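For reference, the structure discussed in these notes is given below.
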Amino acid sequence: MTPVGSNGAAAAPTHIETDVLVIGAGGAGMYAALEAARAGAAVVLADRSLIGRGGATVMAQMTVAAALGEQTPDHWQHHLSDTLAAGRGLCNERLAALLCEDGPRRLREMDGWKVGWAREDGHIKQAQAPGHDRPRCAYVDFLSTGPAVSRTLRSRLNAANAVRRIGELVIVDVAVRDGEACGATALHLPSGHAVTLAAKAVVIATGGLTGLYRRNSASSNMGGDGYALALRAGAELIDMEFVQFFPIGHLAPRLVGMDPIMWDPFRYKLGGKLLNSDMREFEQDYATRDTRSDGRYVLTRDLATYAITREVEAGRGSPAGGAYLSFQHVPEAEIRGAFGPVVDRLAANGIDLAERPVEVAPIAHYHMGGVRVDETLQARVPGLYACGEAVGGANGANRLSGNAITEAFVFGARAGRNAARRALQGLSRWSPEAAAPALDLLRSAQRRDAPNLAAVIVELKALMADTVGPFRTEAKLRSAARAIDRLKTEIGEIPFSSAVAFDPVLVDWLDLRNMLLVAQSVTLPALARTESRGAHQREDHPGLDDNWCVNQLVAFSRGQIQLSRSAPSTRRTTA
Amino acid sequence: MKATLAIQRGTPGEAPRVESFDVTFEHGQSVLDGLRALRCEIDPSLAFRFSCINANACKECMMLIDGRVDYACTVRLKEGVTTLAPLPKKTLIRDLVTEIAPPDERLWPRL
């Protein structure tokens, strides 16, 4: 028999059996794998990139919030109050409470694993960050907290015999049988072969969707694939309209070898000034809208994003289309003192902060929305769990700074433990038929080179940035929905391929299949929500509307996105 | 400004071939920027690894650049010819992609 497909998937698939499959090896996925193994389960930890290299955690430079009470007396309830206030009425209070209550335990566990939290006078040092009522944010050092966290979890994993790590494995779909998750179908990139994985529980730890936007602070593989996997498996998504933009992402001159969100700690330390093209400070013009200023940051993230976008729209932007960030008022010695060797890395990029400002602009940073889960981190599909940024609900309409790594640890550990518990109690529901649709999809791939899918991805990112960015209108959102439909038609239902081994064209097609579904899942609830709240700002509907103090849910059925609404979960137990 | 990328391509068992592509660039852009633009504008089938794009955090974009092992995300594009080749001491997968995963993180560790 002649294989139909033109790629390696035409060969018989490789099959792997395990108790728990964790998809995504960032902070949340690694923690989930460790905890599932600790609970006695056999684990496969799969990532489309190399293990522990992709995702957001390794890129995170900043701080990790938890009520450790090391710097100043604290209680997790205070952390919860701040988290709920930032979420503007939409937090799932039970998930937020889990995050805040479990946070200290997980940070201390990481401390025991020698992550190296910065210390002062014998205690873990905790910094003040915007939106927190007291110093609560631990860090390793200002530019390498994420890498230190990743390194620590990787070395724990290396010692965990029950965890099989498999990199370069792109999960195509979660396998579902009788409504329950039972494994997954994957593409092994180096060989082009299809792989089927039988698992008694599946954990989605794929991070957020900032890769849908032209400028973002995450790795290239953060296109929201986990949301699409969850939707197609029958799960619901929640709060998908809330994409957090980081106001002062680096814009120009081209900065390589450094994270684009690096300016924040320095701005915090040295009081960098945001200037428009008239070289005038403009934050105060927008400050009256904000009652939560902490005195050092004039504006919280969402308002600073608004201020910069408005200045650019009014024709007062910097040449590259953002604002200037200036440290010229700071003595050179003080700059050197705060930046240390970073000054030399900046010099290699042609940046001299004492001489001239840099340009910054809002950059997609984090996704509040995600898979809707219960307190066990299980989606409405039995056997399907989510953790980390892939989970929606804990942060409501706006995330408090410092909560992202904490949620990776806390939700990772819980999802891993609960997935292991299910796996150890249950029988395998695996059946080869559950993988058949995704295998058929891979086998149907055809060699095609038009349209150029890499260019289509660039087009989609521009579209999302320009029409589903931080400031939205009905007209822009409607045009986005139409354009997404057009792109869906352009890529069609048959995968493109160009080679057997490491085929970037097939990966682009599989990515677009996910990205377009997720782009719709952001655009449609954004269109429906006719108010402005947190990270969702409608220029045609300014201000909060109490009638909109509800979460929107996204489901996928018969090829269509379906929206519904639900009141935010409180901590009161319902019957 | 225009850079010419002379890229060694092919899979194991094939005779390696060098293909040259011209990409326009702005001062300060990286070799990785050039490779990404090349995929969008000329040949999407070109295989190379990257994840973090420009933070030098993931260390995946290591290759031979003008004969030296370096990261495509931190080396700048220049006018004239830049030669790119896969890492010489690693098993070739395709084009600029080599087997750099630790053996116990591969699907088939013995392959």
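Structure data summary
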| read-out | value |
| --- | --- |
| Cα centroid separation - the range A:70-113 against the range A:405-464, whole Å | 29 |
| Above-threshold pairs, the threshold being 22 Å between Cα atoms, out of A:Lys461/B:Lys59; B:Lys59/B:Lys89; B:Lys2/B:Lys89 | A:Lys461/B:Lys59; B:Lys2/B:Lys89 |
| FRET efficiency, 1/(1 + (r/R0)^6) with R0 35 Å, evaluated for A:Arg571 and A:Glu120 via beta carbons | 0.55 |
| If the convex hull is drawn through the Cα atoms of the range A:191-266, its volume per residue in Å³ | 173 |
| Segments A:447-458, A:26-37, A:11-22 sorted - mean Cβ within 10 Å per residue, highest first | A:26-37, A:11-22, A:447-458 |
| Spin-label proximity, A:His329 to the range A:245-270 - amide N less than 17 Å from point 7 Å beyond Cα toward beta carbon | A:266-270 |
| Pairwise label distance in nanometres, B:Val69 with A:Arg280, each label 7 Å out on the Cα-Cβ vector | 5.6 |
| A:Arg447-A:Ala11 FRET efficiency (beta carbon distance; Förster radius 25 Å; 0.05 resolution) | 0.90 |
| Other protein chain Cβ atoms within 10 Å, averaged over every residue that makes up A:499-508 | 5 |
| Qualifying chymotrypsin sites (Phe, Trp or Tyr not before Pro) for the range A:60-135 [loop in DSSP, other Cβ within 10 Å: at most 15] | A:Trp113 |
| Area hidden from solvent between A and B (accessible, protein heavy atoms only, 1.4 Å, total, Å²) | 3200 |
| Stretch gain in nm, segment A:Glu493-A:Thr72, where the contour uses 0.36 nm per residue and the Cα spacing is subtracted | 145.9 nm |
| Theoretical gain in end-to-end length, A:Thr376 to A:Arg154 [0.36 nm per residue, Cα-Cα removed] | 77.5 nm |
| Relative contact order %, chain A, counting alpha carbon pairs below 8 Å whose residues are six or more apart | 23 |
| 10 Å Cβ neighbours from other chains, averaged over peptide A:185-192 | 3 |
| B:Lys59/A:Asp141 FRET efficiency (R0 25 Å; Cβ-Cβ; nearest 0.05) | 0.80 |
| Mean ellipticity per residue at 222 nm, deg cm²/dmol - from DSSP H runs of n ≥ 4 across chain A, formula -39500 (n - 2.57) | -11000 deg cm²/dmol |
| Distance between modelled label sites at A:Arg336 and A:Arg108, nm, 7 Å Cα→Cβ extension | 4.3 |
| Computed label-point distance, nm, for sites A:Ala475 and B:His27 using a 7 Å Cα→Cβ extension | 3.9 |
| Mean projected area (nm²) of the alpha-carbon convex hull when the range A:419-575 is viewed from all directions | 13.7 |
| Protection proxy ranking of A:336-345, A:213-222, A:158-167, A:175-184 - average other beta-carbon atoms within 10 Å, highest first | A:213-222, A:175-184, A:158-167, A:336-345 |
| Acute angle (nearest 10 degrees) that the helix B:31-41 long axis makes with the longest principal axis of chain B, alpha-carbon atoms | 80 |
| Global form of the range A:304-397, assessed from the alpha-carbon gyration tensor, a/c cut-off 1.5 | prolate |
| Kirkwood Rh (inverse of mean 1/r, distinct Cα pairs), the range B:1-49, angstrom | 11.6 |
| Per-residue average of Cβ from other chains inside 10 Å of A:48-55 | 5 |
| Global form of the range A:257-413, assessed from the alpha-carbon gyration tensor, a/c cut-off 1.5 | prolate |
| Unmatched cysteines, the protein assembly as shown - criterion: no other Cβ of a Cys under 4.7 angstrom | A:Cys91, A:Cys100, A:Cys137, A:Cys182, A:Cys387, A:Cys549, B:Cys40, B:Cys61, B:Cys73 |
| Whole-number D in µm² s⁻¹ for the protein assembly as shown, Kirkwood Cα-pair radius fed into Stokes-Einstein, 10 °C, 1.306 mPa s | 63 |
| Pairs of alpha carbons in the range A:20-114 whose separation is greater than 16 Å (percent) | 66 |
| Packing-based order for B:8-15, B:53-60, A:185-192, using average beta carbon neighbours within 10 Å, highest first | A:185-192, B:53-60, B:8-15 |
| Net charge dipole size for the range A:304-461 [Lys, Arg +1 and Asp, Glu -1 on Cβ; Debye, nearest 20] | 840 |
| Anisotropy class of the range A:44-96 from Cα gyration tensor, a/c 1.5 cut | prolate |
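The values are calculated or read from the model by the stated rules, or taken from the named source; none is laboratory data. Small disclaimer: the values here were computed from a predicted structure and weren't measured. With ideal geometry, Cβ positions are generated from the backbone for all residues, glycine too; neighbour counts draw on all protein chains shown. Keep in mind that these areas ignore ligands, DNA and RNA; they rest on the heavy atoms of the full protein, side chains included. Shrake-Rupley method; radii C 1.70, N 1.55, O 1.52, S 1.80 Å.
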